[in-house]
1. Sort largest first and round to whole Å: the equivalent ellipsoid semi-axes of the chain, each the square root of five times a Cα gyration tensor eigenvalue.
2. Please list, in order along segment 211-219, the HN-Hα scalar couplings obtained from phi with the Karplus expression 6.51 cos²θ - 1.76 cosθ + 1.60 (θ = phi - 60°), rounded to whole Hz, x for Gly and Pro.
3. If you plug each phi of segment 419-425 into the Karplus form 6.51 cos²θ - 1.76 cosθ + 1.60 with θ = phi - 60°, what whole-Hz ³J(HN,Hα) values come out, in order, with x for Gly and Pro?
4. Taking the Cβ of PHE255 as the center, what net charge do the other residues with Cβ under 13 Å away carry, scoring Lys and Arg +1 and Asp and Glu -1?
5. Points 7 angstrom from Cα along the Cβ direction at CYS276 and ASP365: gap in nanometres?
6. Less than 13 Å Cβ to Cβ from ARG241, Lys/Arg counted +1 and Asp/Glu -1: what total charge do the surrounding residues give?
7. Rounded to the nearest 5, what % of the DSSP beta bridges within the chain are antiparallel ones?
8. If you take the C-alpha gyration tensor of segment 140-250, multiply each eigenvalue by 5 and take the square root, what semi-axes do you get, largest first, in whole Å?
Amino acid sequence: VATNRTNYVTGLLLELPDDGRALHSRLTSAIKAAIVAGRLTSGHLLPPSRVLAADLGCSRWVVNEAYAQLAAEGHLQTLQGSGTRVAPVTAATREPGRPASSRPALVAPPVVADLRPGAPDVTNFPTAPWTRALQHVLTAADWSPPVFAPPQGVLRARQLIADYLGRVRGLPVEADEVLLTCGTSHGMAVAARVLAARGALRLAVEDPGWPRLHQVASAAGLRIEPVAVDTEGLNVDALRRTDTQVVLCAPAHQFPTGTVLSAARRRALLAWATECSAMIIEDDYDAEFRYDRRPVGALAGLDRDHVIYLGSTSKTLHPGLRLGWLVPPPELRRPMLDALDSSAAGPSSLDQLTFARLIDVGDYDRHLRRTRTAYRIRRDALVDALDRHPALHDCGPAHGVAAGLQLMFPLPHGRDDHTVAALLADRGIAVAPLSRYTVRPRPPALVMGYSRLTPTRAAWTADQLATTLADMEVDR
Ligand SMILES: Cc1ncc(COP(=O)(O)O)c(C=O)c1O
């Protein structure tokens, strides 16, 4: 073993000077020194013993011995199924005189394939059409924005969005029924506030689901009640047993399982809402992206009295735009408008009108057609690569319909999805573990966003996943 070795897996230089001590003692000292100096920070995943042993040219016993010693001293934590990590900072592991916050973080490995779910490919933003539309808004007298936008949004924008919802989502509404928001989360905050003020105590949510909306509803005083999602979508029988009067769901494309609420479940959900005078909050976040057929229409199009509809441009244009819409049932329009008004927050009137102009001249539809094709190709490439990889036959198949910007990929039983995601991050692949979105435990899976995946990287991504799982198998 050379005196100085760079461990390429962690990108950390471990110094092992030959001072006459046994190798495992020198390795123990070297890792401890790296922790105390702040080069290895709390939570950092150490390489599997087999990998580090190969890198150092020593036996696995040496590395296991060093890890065990450091774990006994409280510097490392070894959790069943999730590898060995640097323990949270304690006085014992801190360099004297150095406050915890000043410890330099290790440089994270560069992201080679960004498969974090959530964002669209923002490099696809329709910059030229948007700039033309903005210029038009700023110069054409009949489109000029009011100095202060009304709380419900600028009329011209509401007219074009109402028209779009009727045409594309099967939700025929008038401009007056549409309220403009800063996106789904803002719409959720407004809806939760109004429902809580009218006596709602709990909100049933799909489990798994997007936790951001749960946080927003909790902040408005609603208690979250998880309801399982299965192959047909939200389990309506389980919903009935919760005794809640409000449910949040994404019927067109559940996040993150990718399920479409079946026709039978749609009927059952609407029947529940009518019988119980309950309210459904419909998160229609990515329905524009269906690749195998026309998307199912919005649930709100079938029952205007029991569905609060939320839409957004976060997936179609840019999450930073903060522009969305809320269509409440007629009975709730006034209180929702008052809540919007009193929140003193709303999207920029310039953005509202620019978006309306984009729809008006057909550029939004053109943009959707173009991005739909790009995302379909990326999804097909990823699904194909995962399906075809011979070492991934114990996993998958990819979950969900051909739609949206992410898929869920089941892992073999007993694997910890957080660990798999962390090991993939070390290989430059960013994905989300399913457990990030669950309230109750579910079989392990990865949630992979393909909106930014170059199709030629798909096979490499599948290879890296297969290698990671094989390495974990050896280490078990
Ligand atoms: C399930 C789900 N709903 C809605 C949204 C959009 O939220 P917003 O419009 O607040 O950006 C997202 C974005 O990631 C999402 O994942």
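Where a number appears in this text, it was derived from the coordinates with a stated rule and is not lab data. All of these numbers come straight from a predicted model, not from anything done at the bench. Quick reminder, even Gly has a Cβ in these numbers, built from the backbone with ideal geometry, and neighbours come from all protein chains shown.
1. On the way: eigenvalues 449, 118, 105 Å².
The three semi-axes for the chain are 47, 24, 23 Å.
2. Using θ = phi - 60°, the values come out as x, 4, 6, 5, 4, 4, 5, 4, 4 Hz.
3. Result, ordered by residue: 5, 4, 5, 5, 5, 5, 4 Hz.
4. Working: positive: ARG212, LYS315, ARG436; negative: GLU206, ASP207, GLU282, ASP283, ASP284, ASP286.
That sum, taken over residues with Cβ under 13 Å, equals -3.
5. It works out to 4.0 nm between the two label points.
6. On the way: positive: ARG202, ARG240; negative: GLU225, ASP237, ASP243.
Residues near ARG241 contribute -1 overall.
7. Working: 27 of 45 bridges.
Around 60 percent of the beta bridges assigned by DSSP in the chain are antiparallel ones.
8. Details: eigenvalues 209, 60, 26 Å².
Value: 32, 17, 11 Å, ordered largest first.
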